[in-house]
Every structure is written in C-alpha cells, then in structure tokens.
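*Asks:* Would you mind keeping the following structure in view while I ask a few things?
The values are calculated or read from the model by the stated rules, or taken from the named source; none is laboratory data. These numbers come from a predicted model, not from an experiment. Quick reminder, even Gly has a Cβ in these numbers, built from the backbone with ideal geometry, and neighbours come from all protein chains shown.
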Amino acid sequence: MVPVLLQDLAGPGRRRFLGRSCAALLAAATCGARGAEASSTLLRADPGNYREVLRTIRAGDTLAFAVGEYTRGLPLHGLIGTAEEPIVIEGPPPPGRAVFVGRPGAHTVSLLDSAHVVVRNLVLDGRGARVDAVRAEGHGRWAHHITLEGLTIVNHGGSQQNSGISTKCPAWGWIVGGNTIVGAGTGMYFGDSDGSDPFFDSVIEGNRIIDPVGYGIQVKHQQGRPQEAAREEGGNTFIRRNVIVKSRVAPSPETARPSLLVGHFPLDGPGSRDRYLVYGNLLIDNPSEALFQGEGNIALYNNLMFNPRGEGVRIQPHNHRPREVAVFNNTIVAAALGIEFSGGEPGFRRLLEHNLVYGNPPAHSEVAGENRTGEYDRARAAFVRLDEDPQRIDLTPRGTLPAPRTSIDAEWLALPEAAADYLGRPRRAAAFGVCRREATGAPACR
C-alpha cells in the first residue's frame with residue numbers, strides 16, 4: 001500500500017485538472033456553458049428531499065446538494081441538457097461533503113439516456129457494497145457529453161468487477177477529470193467486454209487512481225459506432241496527466257490486469273481512424289502485469305512509468321493488432337521487460353523513438369528506432385529518486401545524456417504537448433525520455 005493520505009490525493013492533482021479542463025477537446029460542451037449557469041435556476045436539496053427535487057430539473061438548471069449523507073442513490077435518468085445549457089449536479093464546496101452511500105442492488109450514481117450533464121464535487125462511498133460508484137447503465141441507449149469532475153470515490157472494491165466509473169452503453173463526449181478513486185475493484189472501465197458499447201471522443205484527465213484490484217483505467221475495443229454519433233473523420237480520445245498507483249498482487253494469474261489498457265477502435269467505417277493520445281501520465285507499480293498495454297491507433301508519449309516489480313509497456317495484439325502506433329519520449333523503468341512492441345498489422349506506420357528505457361531486458365521490439373536503454377539494476381544510479389510514492393519519485397536523469405542523432409517527424413511533434421517535457425516546458429532540442437536535467441533547484445520531474 002502506498003503511504004499517501006486521501007486528503008493528499010484530492011489536493012494538488014485536482015487543482016491541476018481544474019486549471020486546464022476548459023482547454024480540453026470537448027470544452028465547448030461544458031466550459032462554454034459556464035457563463036449560462038448564473039442565469040439558470042438554482043435548485044437546492046438535502047438528504048430528505050433530493051429525490052423529489054431531482055424530478056423537477058430541466059436543461060440549464062443547477063442542483064446543489066447540502067452537506068449530509070445521502071442513502072437512496074443518485075439516479076440521473078432521462079436528463080437532457082444542451083451544450084449551451086447543461087444540467088449541473090454538484091456538492092458543496094470544501095470542506096463541506098455531500099456523501100452518497102452505496103447500497104446493494106443499485107449503482108450509486110446511475111446514468112440512463114442522459115446528455116450534457118455535469119456531476120461534480122460529490123463523495124461516493126460504496127461501504128463495501130458490490131456496485132459501481134458511477135455507471136452508465138447497459139440497458140440505456142446512450143449517455144453522451146457527461147462531465148464527471150472532482151469526485152472522491154472510496155470503498156467500491158467489494159469485487160474486481162466493481163468500478164469507480166463504468167460505461168455499459170454507447171458513450172461519447174465525456175470529460176472525466178480531477179477525480180480521486182481509492183481501492184476500487186477497477187478504477188475506470190469504459191465500454192463492454194464484447195466491444196458492443198463504444199466509448200470515444202472523450203477526455204480522461206488529471207485523475208488519481210490508487211490501489212485498484214484490477215485495471216486502473218481500461219477502454220475496451222470497439223466493434224462499431226451508434227448512428228447518432230457516426231462520422232467519417234477521425235477523432236481523438238485523450239488520456240493525459242493521470243496518476244495510477246497499483247500495488248496489489250493479483251489474486252490469481254487469470255485476474256491480473258495492466259494499470260492502463262486501451263483496445264482497438266472499429267476496424268472499418270466511422271471511428272476506424274480514431275486515435276488515443278496518451279501523454280503526461282504517471283504510472284507506478286504493478287506486481288502482476290504491465291503498466292500499459294495497447295493496440296489499434298495510439299500515440300504514447302511524454303509519460304513517466306516506474307514498475308519496481310513487473311513490466312513497463314506492451315504494444316501487442318489483444319482483441320486485434322496494433323495499427324498506427326507512435327511511442328516516443330517516454331521514460332520507462334521496469335524490473336522486468338521494459339517495452340514490448342510486436343504483432344503490428346501490416347500497412348500501418350509505427351514509431352519507437354527517443355525513449356529512455358531501463359528494464360530486464362529493456363526492450364523487445366519488431367520496430368527499429370533510436371532509444372537509450374539500460375539494465376534495470378543500473379536504474380537507481382541513473383535517476384534522482386526511484387520511489388513508489390508519487391509524491392517522492394523523481395525520474396530526472398542524474399547526468400547529462402547525449403542528444404539523439406535522429407529526429408521525430410513534425411507530424412508527431414505537432415500533437416498536443418508533444419514538443420514539451422513532462423512539466424510542460426518547451427524542449428530546446430531532441431532528447432531521450434520526458435525529463436531533462438536542469439540547474440539545481442529546478443522542479444522535480446514527477
């Protein structure tokens with residue numbers, strides 16, 4: 001167990017997200033409507049009357065919960081806001097807490113056929129019930145343009161199948177940011193196991209997921225797209241600036257899960273050119289599986305990964321094959337295999353460049369590229385501090401590294417924040433990994 005207190009987790013990571021959330025891809029769906037909230041109806045509710053008040057809410061309304069403990073769940077069914085007038089469901093500002101308590105047989109926050117809804121600043125305490133904290137229900141048609149912001153989710157670990165946040169119907173246009181999930185069976189599980197309920201065109205940003213039993217974040221593979229959201233042009237789903245610490249040993253080899261896994265997009269038709277942009281994440285520890293696994297279309301860059309008991313990155317077939325994949329400027333330190341890059345589908349571009357990788361072995365790849373590698377037993381001397389605590393780790397190289405001889409195509413460097421280091425500082429020149437050596441007193445790279 002990582003020795004970090006819950007109040008520590010809800011602080012800096014959350015503030016970091018809130019300062020950036022309106023810059024996200026789908027900001028128009030929520031941040032563009034913030035100005036309209038002042039003229040909307042403000043509804044107030046308490047534990048005694050909130051279910052009755054909830055039935056009166058309309059587009060543009062804000063429902064503000066009083067401090068207290070809410071024991072009858074939060075069903076958000078048939079709530080339809082608009083981009084200009086979202087429905088906002090919110091708890092009190094700190095230190096006040098609106099705590100929704102888990103109960104057997106019903107997910108704590110249930111989303112059904114709802115759109116343009118913002119849920120923020122709630123505490124969801126599962127109390128060990130075998131339910132999800134937030135679930136877009138599988139019998140719904142869809143749940144789109146949903147924002148989940150500043151939630152604190154605890155005690156939803158009764159089973160590995162219980163998730164902090166889960167979608168089981170077609171879901172798109174989501175912003176999931178600044179949330180803290182501690183001890184869930186699975187931190188976030190988007191999509192369904194057979195690929196029938198896609199999750200896409202969304203932003204997963206600035207979340208802290210600590211000690212899940214299974215996945216920290218999983219986005220399932222996709223068989224197709226609903227007609228309501230079908231389009232021809234490719235889009236991006238962002239997974240950025242999240243912290244995942246997964247310290248538990250899997251109960252069995254069959255239940256072992258990566259910390260972060262992304263499946264493929266539809267193999268043809270609408271969505272087939274979509275891409276995951278995975279950058280600026282901090283992934284620490286996974287004694288039973290890799291920190292990251294992916295297939296399909298992925299750009300994986302500027303991430304910090306430290307696994308003192310297992311593997312780093314696996315780009316490999318899962319439900320299909322890796323297609324267009326670029327892996328660059330990551331710092332990966334793993335006690336076992338550093339990076340695997342195999343099984344790619346012919347006819348698609350693949351890139352493996354300018355990564356700084358320590359492992360045992362550092363790499364096994366069918367894709368050639370210029371990367372700097374070393375054995376894991378030399379890693380402790382190579383970095384300022386290897387530590388399983390996200391508040392203490394510092395993967396800044398101790399010494400100055402030589403510059404790469406090759407360059408990365410401008411197309412990849414034009415991706416969001418690809419030309420910056422982990423702290424968002426512009427890169428002056430090509431370099432290995434995501435952290436660069438600076439003068440004494442510079443901020444730690446973590």
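*Asks:* Please go through the range 335-371 and pick out each residue that is crowded, with 16+ Cβ neighbours inside 10 Å, more than 15 Å from M305 (Cα to Cα) and among the charged types (D, E, K, R).
*Replies:* Matches in the range 335-371: E345, R350, E353.
*Asks:* OK, next. Yes or no: the range 283-297 includes at least one residue that is of a type in the set (A, V, I, L, M), within 15 Å of the chain's Cα centre (by Cα) and part of a strand (DSSP E or B).
*Replies:* Checked the range 283-297: at least one residue is of a type in the set (A, V, I, L, M), within 15 Å of the chain's Cα centre (by Cα) and part of a strand (DSSP E or B).
*Asks:* Scan (1) in a strand (DSSP E or B); (2) closer than 30 Å to P443 by Cβ; (3) in contact with a Pro (Cβ under 9 Å, 6 or more places away or on another chain) for the single condition R314 breaks and write down its number.
*Replies:* For R314, the failing item is (2).
*Asks:* Shifting gears a bit: Looking for whichever is touching a strand residue (DSSP E or B) at 6+ places or on another chain (Cβ under 8 Å) and in a loop (DSSP other than H, G, I, E, B) here; the options are G347, G343, G269. Which one fits?
*Replies:* One residue alone meets the criteria, G343.
*Asks:* Continuing with the same structure: Listed residues G164, G91, G126; which is under 19 Å from the mean Cα position of the chain (by Cα) and either of a type outside the set (K, R) or at pLDDT below 95 (or both)?
*Replies:* G164 is the lone residue from the list that is under 19 Å from the mean Cα position of the chain (by Cα) and either of a type outside the set (K, R) or at pLDDT below 95 (or both).
*Asks:* Another one. Select from the range 299-322 the residues that are over 22 Å from T373 (Cα atoms) and without any contact (Cβ under 8 Å) to a residue 40 or more places away in the chain and list them in ascending order.
*Replies:* Correct list: P317, P322.
*Asks:* For the condition surrounded by fewer than 24 Cβ atoms within 10 Å (Cβ to Cβ), aliphatic (A, V, I, L, M) and modelled with pLDDT under 95, what is the one hit in A230, A115?
*Replies:* A230
*Asks:* Still on this structure, I have one more. Can you pull out every residue in the range 167-196 that is within 19 Å of N281 (Cβ to Cβ) and either among the aliphatic types (A, V, I, L, M) or modelled with pLDDT under 95 (or both)?
*Replies:* Selection gives I175, V176, I181, V182, A184, M188.
*Asks:* Out of the residues in the range 372-387 meeting the condition of being of a type outside the set (S, T, Y) and assigned to a strand (DSSP E or B), tell me which one is farthest from P308 (Cα to Cα).
*Replies:* R372
*Asks:* Restricting to the range 141-174, and then to whatever is in contact with a Gly (Cβ under 6 Å, 6 or more places away or on another chain), touching a residue at least 40 places away in the same chain (Cβ under 8 Å) and outside any loop (DSSP other than H, G, I, E, B), can you tell me which residue is nearest to A250 (Cα to Cα)?
*Replies:* G164
*Asks:* Among (1) more than 16 Å from G296 (Cβ to Cβ); (2) buried (at least 24 other Cβ atoms within 10 Å of the Cβ), there is one condition P251 misses while meeting the rest; what is its number?
*Replies:* (2)
*Asks:* Might you let me know whether the range 312-329 holds any residue that is under 23 Å from Q391 (Cβ atoms), of a type in the set (F, W, Y) and modelled with pLDDT of 95 or more?
*Replies:* no
*Asks:* Is it the case that the range 220-235 has a residue that's closer than 30 Å to P397 by Cβ and of a type outside the set (S, T, N, Q)?
*Replies:* Within the range 220-235, none of the residues are closer than 30 Å to P397 by Cβ and of a type outside the set (S, T, N, Q).
*Asks:* Please enumerate the residues belonging to the range 399-420 that are exposed (fewer than 13 other Cβ atoms within 10 Å of the Cβ), part of a loop (DSSP other than H, G, I, E, B) and not hydrophobic (A, V, I, L, M, F, W, C).
*Replies:* G399, T400, P402, R405, T406, S407, D409, listed by residue number.
*Asks:* Taking the range 206-239 as the search range and keeping residues that are assigned to a strand (DSSP E or B) and not hydrophobic (A, V, I, L, M, F, W, C), which one is nearest to L148 (Cα to Cα)?
*Replies:* Restricting to residues being assigned to a strand (DSSP E or B) and not hydrophobic (A, V, I, L, M, F, W, C), the top hit is R208.
*Asks:* Out of A363, A410, report the one residue that is out of contact with any Leu (no Cβ under 6 Å at 6 or more places or on another chain) and in contact (Cβ under 8 Å) with a residue 24 or more places away in the chain.
*Replies:* Selected residue: A363, the only one of A363, A410 that is out of contact with any Leu (no Cβ under 6 Å at 6 or more places or on another chain) and in contact (Cβ under 8 Å) with a residue 24 or more places away in the chain.
*Asks:* Considering each residue of the range 175-205, count those that are within 11 Å of A136 (Cβ to Cβ), without any contact (Cβ under 8 Å) to a residue 60 or more places away in the chain and in a loop (DSSP other than H, G, I, E, B), and give that number.
*Replies:* The number of residues fulfilling the criteria is 2.
*Asks:* For the range 167-202, give me each residue that is surrounded by fewer than 24 Cβ atoms within 10 Å (Cβ to Cβ) and either touching a Leu at 6+ places or on another chain (Cβ under 8 Å) or polar (S, T, N, Q) (or both).
*Replies:* Across the range 167-202, the qualifying residues are G173, V182, S193, S196, D201.
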